[in-house]
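A short write-up of the structure that comes next.
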Amino acid sequence: MNTSRRGRYGIDAPYAPALMAAGLLVCLGVIAFTSLRGWWFSAGLVALLLAIYMHTTLRGKFAVWRDLLDARQWRGDEQVLDIGCGRGAVLLMVADHVPRGLATGIDIWSSKDQSGNGIDVAARNAEAEGVADRIELKTADMRALPFADASFDLVVSSVAIHNIGDAAGRNQAIDEAWRVLRPGGQLLIADISKGGQYRRRLQAMGIRAERRPLGWRMWWGGPWMPTTLVSASKPLDHTEAG
């Protein structure tokens with residue numbers, strides 16, 4: 001299985017590291033043109049936060065998702081949906097696990113949420129990773145998925161659902177993810193800040209959901225901006241869309 005990435009996956013929320021870099025330049029400018037040497041601490045702190053963020057977006061998230069996917073028992077013919085797939089960071093790792101299946105990615109392709117985001121970029125990455133024959137890309141809103149009930153064996157999402165600005169919209173996305181999941185299937189949602197809401201939404205539907213931190217490799221600048229994983233499995237006797 002491929003463990004090195006040959007595609008180009010951009011930077012998550014590129015405005016965030018840009019602001020950090022600007023802050024670092026301000027600190028260095030103050031140090032260079034004044035006698036306020038105490039700014040060295042501020043410069044070092046901002047540089048550390050920037051380094052942590054860049055590690056997460058360029059390496060850490062890949063390592064975390066590789067561990068999550070490798071821990072699953074795969075048949076190889078699963079139908080998988082990635083909600084908010086972006087340039088394919090998680091989608092194409094999923095495709096490595098389904099040589100006889102299909103990994104479908106949906107997105108609205110916002111470059112604010114990921115630098116250089118676009119359906120054509122995701123397609124080129126699939127070619128670069130050698131999995132273009134087992135992926136499908138669609139432009140779709142995660143609040144109204146264009147798929148029938150119980151279409152997928154696994155539904156994943158990585159740092160995407162929080163981009164919906166209102167709680168009602170995020171609840172709709174969770175409802176849709178559960179609706180298209182087959183009985184016996186699994187839901188894996190990694191996200192920042194809103195994981196508690198996702199878990200509560202699932203629990204309100206009578207679903208047993210778990211939430212756990214994903215560790216320092218998915219800190220977006222520091223421990224105050226961690227990524228957590230919300231997971232749930234649909235019972236085999238589940239007959240309702242949720």
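Computed from the alpha carbon atoms alone, the convex hull of segment 120-233 holds 131 Å³ per residue. For segment 159-218, what does the alpha-carbon gyration tensor say about shape, rounded, prolate or oblate, given a ≥ b ≥ c as the root eigenvalues, a/c under 1.5 as rounded, and a/b over b/c as prolate? Oblate, because a/c is 1.5 or more while a/b does not exceed b/c. Computed over segment 1-142, relative contact order equals 28 percent, with contacts defined as Cα pairs under 8 Å that lie 6+ residues apart.
Here segment 28-70 was treated as a single set of alpha-carbon atoms; its pair distances binned every 5 Å from 0 give 5, 21, 17, 14, 11, 10, 8, 6, 5, 3, 1 percent. Taking the accessible area of segment 1-157, probe 1.4 Å, and keeping the other protein chains in place, the carbon and sulfur fraction comes to 60%. Report summary: the helix-based calculation at 222 nm, which adds -39500 (n - 2.57) for every DSSP H run with n ≥ 4 and divides by the residues of the chain, gives -11500 deg cm²/dmol. Evaluated at q = 0.14, 0.17 Å⁻¹, the base-10 log of the normalised Debye intensity for the chain, with identical point scatterers placed on the Cα atoms, takes the values -0.89, -1.26. Residue ranges 92-99, 75-82 sort as 92-99, 75-82 when ordered by packing (mean number of other C-beta atoms within 10 Å per residue, highest first). Summing Lys and Arg as +1 and Asp and Glu as -1 over all other residues whose Cβ lies under 11 Å from the Cβ of residue 122 gives a net charge of -2.
Solvent exposure of the chain amounts to 47 Å² per residue of accessible area, where only protein heavy atoms count and the probe is 1.4 Å. The distance separating the Cα centre of segment 30-89 from that of segment 169-185 comes to 27 Å. For residue 137, the residues whose modelled amide H falls within less than 5 Å of its own, excluding neighbours fewer than 5 places apart on the same chain, are 105.
Per-peptide packing, taken as the mean over residues of other Cβ atoms within 10 Å, places 221-228, 128-135 in the sequence 128-135, 221-228 from highest down.
The values are calculated or read from the model by the stated rules, or taken from the named source; none is laboratory data. Being a predicted model, the structure only gives us computed values, none of them experimental. Methodologically, a virtual Cβ is constructed for each residue, glycine included, from the backbone with ideal geometry; neighbour enumeration extends over all protein chains shown. For the accessible areas, the whole protein counts, side chains as well, though only heavy atoms, and no ligand, DNA or RNA atoms are used. Shrake-Rupley method; radii C 1.70, N 1.55, O 1.52, S 1.80 Å.
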